[in-house]
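Notes follow the structure.
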Amino acid sequence: MKRDSYRYAARLFRLLSHPARLRILDELRRGEACVCHLQAVLGRPQVYVSQQLRVLREAGVIESYKDGLFVYYRLADPHIERILEEVLGPAGEAVPLPGCTCPSCTEIASPSCNVSAMEVE
């Protein structure tokens, strides 16, 4: 393994060591999501969620696009999904997320609106 590969791996593991960022990535492996959806999943203020998303985006792990008033996020690095699969197991079934007001979540049983039982500290 080259020195740069070790640096990349160390940076990636630092990103994954934060519970909220890990939870965000776990949610995004089920499909893209907007900030308000991730806010509902984490139960944290929008500012906090946006800060964590910025860190992940700047690291190149996630990417975003704007659709109307909403900004959607998705995994940009296929390695992340494989790592999460190894560490957390299969993504599991998507279930509707009550309380989220994004367009995806207002449709009943939307595949992009889901949450698992994992809590964030």
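Each reported figure results from applying straightforward, stated rules to the coordinates on display, with no laboratory input. Everything numeric in this text was worked out from a predicted model, so none of it was measured. Positions of Cβ are backbone-derived with ideal geometry, glycine not excepted, and every protein chain shown enters the neighbour counts.
Take each peptide in 63-74, 11-22, 27-38, count the other Cβ atoms within 10 Å of every residue, and average; sorted highest first, the result is 27-38, 11-22, 63-74. Label-to-label distance, Tyr8 versus Glu86, with points set 7 angstrom from Cα along the beta-carbon direction: 1.4 nm. How big is the dipole moment of the range 3-106 about its Cα centre under a simple scheme where the beta carbon of each Lys and Arg is +1, that of each Asp and Glu is -1, and everything else is neutral? Debye, nearest 20, please. Charge dipole, the range 3-106, about its Cα centre: 400 debye, nearest 20.
Counted over the range 3-106 with a bin width of 10 Å, the fraction of Cα pairs per bin, in whole percents, is 14, 49, 30, 6, 1.
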